[in-house]
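Trainee: The structure is given below, and queries will be raised subsequently.
The values are calculated or read from the model by the stated rules, or taken from the named source; none is laboratory data. In this text, all values refer to a predicted model and were calculated from it rather than measured experimentally. For neighbour counting, all protein chains shown are included, and Cβ atoms are generated from backbone atoms with ideal geometry for every residue, glycine included.
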Amino acid sequence: MKRLKPKSEFSRNIITLMTGTSIAQAIPIAISPILTRIYSPDDFGTFALYMSIVSIVAIFATGKYDLAIMIPKRDHDAIHIVVLSMFITIMISMVSLLVVIIFNENITDLLNNKSISNWLYLLPLSIFLTGIYQSINYWLNRKKGYKQLAISRVVQSGTSSTANLGFGMGGFNASGLIIGGVLGQIIATTILGRLVYISDSEKLKDIRTDNMLKMAKKYITFPKYVMASEFVTVLLFQLPILFLSMFFNIAIVGFYNLVQRILGMPMNLLSRSVSDVFKEKASSDYNKNGQCKDIYLKTLKILIALGIIPFSILFFYAPDIFSFVFGEKWITSGEFAQILSIMFFLKFVSSPLSYMFYIVNQQKKDLIYHVYLLVSSVLIFHIVKDINTVLILYSINYSFIYILYIILSYKYAKGVNID
């Protein structure tokens, strides 16, 4: 058993997070065949639409200062960024509440879905929870609190899944999916918040407004460039949901959402586990040596090894798998998954490694690539009206950019700063 135990701290940290995230991903995936027989494609579509709006607005929740928490050499500076991020979260949540109250009807009409109207009032709470959780997540990541992060992800996933199942059995429609997701956020954020308060209460007592302003100025590139880049990234990811709702119907949104749920959820959780550890180690190595080539290549190999087999299976057999597991009415989701499998694999590999753009302060270049994706994706959805053709072109376009990210990130990791 001692021989099987990973020797490096990096590998042990990845396994710690992967253990928690594997359990977290297994819970909703395990009950998905039940949920797809309880909830309709329309229900999944409404839920997807709500989460899309949350994801887009939540980009502004921290001003993206949460991404800067890993970078300072001193914890004293980093904890000030944490509090700064949380303060911004509170402000954005209050603004979003006013927007929902004033423009509820306009938003509902734009999305072409009346059922989303009442759920928009829950939006500020979801944004608040997302922003607070992200800030705490990066602080614990910096402090190598990987066990706590793993536990929180299991708790969030388990709570949401149990609530989804319970509400579904009780005859709820999309409301069961939405309320379940919010409950998971509340419990996970509360647990992490309590852990940080107990362990770092002394640091929190030393928070000064002038130091917060100093950190805000020092890392101004994050709200200036990264927030715009992240906004475009999330908007790009959610674009199919929004456009499918506007130009097709809510059932098509539901089919696409199941693909995101089944492919995206485990992919994001596993990728994030590797990413959290990679960010800490790569930042540390780069600060010390001016390069982090070794950890980059090691992470690249781990990501390819984790993803190559499952995504290959999906490429060849996704329609049959989805039809058998989730029910005959979900075969359309399997067809979508087959089309998007290569893109999802390349995203799985490139996403953690693209943090190199932040380490070498290439946020502006990152933004340019995302703007290109946004413009090209909008053109694809507007010009092409057949759903399968749209997804094929969408997949090819994204795959090209993900390959470019891998190439550039590797050059940055070697210490080559390309202007």
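Trainee: Can you name the condition, by its number, that Leu192 falls short on among (1) within 21 Å of Leu49 (Cβ to Cβ); (2) crowded, with 18+ Cβ neighbours inside 10 Å; (3) not β-branched (Val, Ile, Thr)?
Mentor: Unmet for Leu192, out of (1) within 21 Å of Leu49 (Cβ to Cβ); (2) crowded, with 18+ Cβ neighbours inside 10 Å; (3) not β-branched (Val, Ile, Thr): (1).
Trainee: Inside region 257-375, counting only helices (runs of 4 or more DSSP H) that do not spill past its ends, which hold 1 or more residues that are closer than 23 Å to Tyr65 by Cβ and not aliphatic (A, V, I, L, M)?
Mentor: Fully inside region 257-375 and qualifying: 265-289, 331-353, 356-359.
Trainee: Determine the pairs where a residue that is free of Cβ contacts under 8 Å to residues at least 60 places away in the same chain and within 14 Å of Leu263 (Cβ to Cβ), located within region 303-325, has a partner that is among the hydroxyl-bearing types (Ser, Thr, Tyr) and part of a helix (DSSP H, G or I) with Cβ atoms under 7 Å apart, the partner being 6 or more residues away or on another chain.
Mentor: Phe311/Ser341; Leu314/Ser341; Phe315/Ser341; Ala318/Ser341
Trainee: Hey, another quick one. If you go through region 140-149 one residue at a time, do you hit one that is closer than 30 Å to Met246 by Cβ and buried (at least 22 other Cβ atoms within 10 Å of the Cβ)?
Mentor: So far as region 140-149 goes, no, none of its residues is closer than 30 Å to Met246 by Cβ and buried (at least 22 other Cβ atoms within 10 Å of the Cβ).
Trainee: Output yes when any residue across region 274-297 is more than 24 Å from Arg142 (Cβ to Cβ), touching a residue at least 24 places away in the same chain (Cβ under 8 Å) and either among the hydrophobic types (A, V, I, L, M, F, W, C) or surrounded by 18 or more Cβ atoms within 10 Å (Cβ to Cβ) (or both), and no when none is.
Mentor: No, region 274-297 has no match at all.
Trainee: Taking only region 199-220 into account, find how many residues are part of a helix (DSSP H, G or I), modelled with pLDDT of 85 or more, surrounded by 12 or more Cβ atoms within 10 Å (Cβ to Cβ) and out of contact with any His (no Cβ under 6 Å at 6 or more places or on another chain).
Mentor: Qualifying residue count for the region: 4.
Trainee: Among (1) crowded, with 20+ Cβ neighbours inside 10 Å; (2) farther than 27 Å from Asn137 by Cα; (3) touching a Leu at 6+ places or on another chain (Cβ under 8 Å), which single condition is Met246 missing?
Mentor: Just one mismatch for Met246, condition (1).
Trainee: Among Ser376, Ser323, Ser312, which is in contact with a Gly (Cβ under 8 Å, 6 or more places away or on another chain), of a type in the set (Ser, Thr, Tyr) and surrounded by fewer than 21 Cβ atoms within 10 Å (Cβ to Cβ)?
Mentor: So the residue among Ser376, Ser323, Ser312 that is in contact with a Gly (Cβ under 8 Å, 6 or more places away or on another chain), of a type in the set (Ser, Thr, Tyr) and surrounded by fewer than 21 Cβ atoms within 10 Å (Cβ to Cβ) is Ser323.
Trainee: Scan region 156-172 for residues that are hydrophobic (A, V, I, L, M, F, W, C) and crowded, with 19+ Cβ neighbours inside 10 Å and jot them down.
Mentor: Ala163, Phe167, Phe172
Trainee: Oh, and also: Being free of Cβ contacts under 8 Å to residues at least 12 places away in the same chain, in a helix (DSSP H, G or I) and β-branched (Val, Ile, Thr) is the filter here; which residues of region 397-419 pass it?
Mentor: Correct list: Ile407 only.
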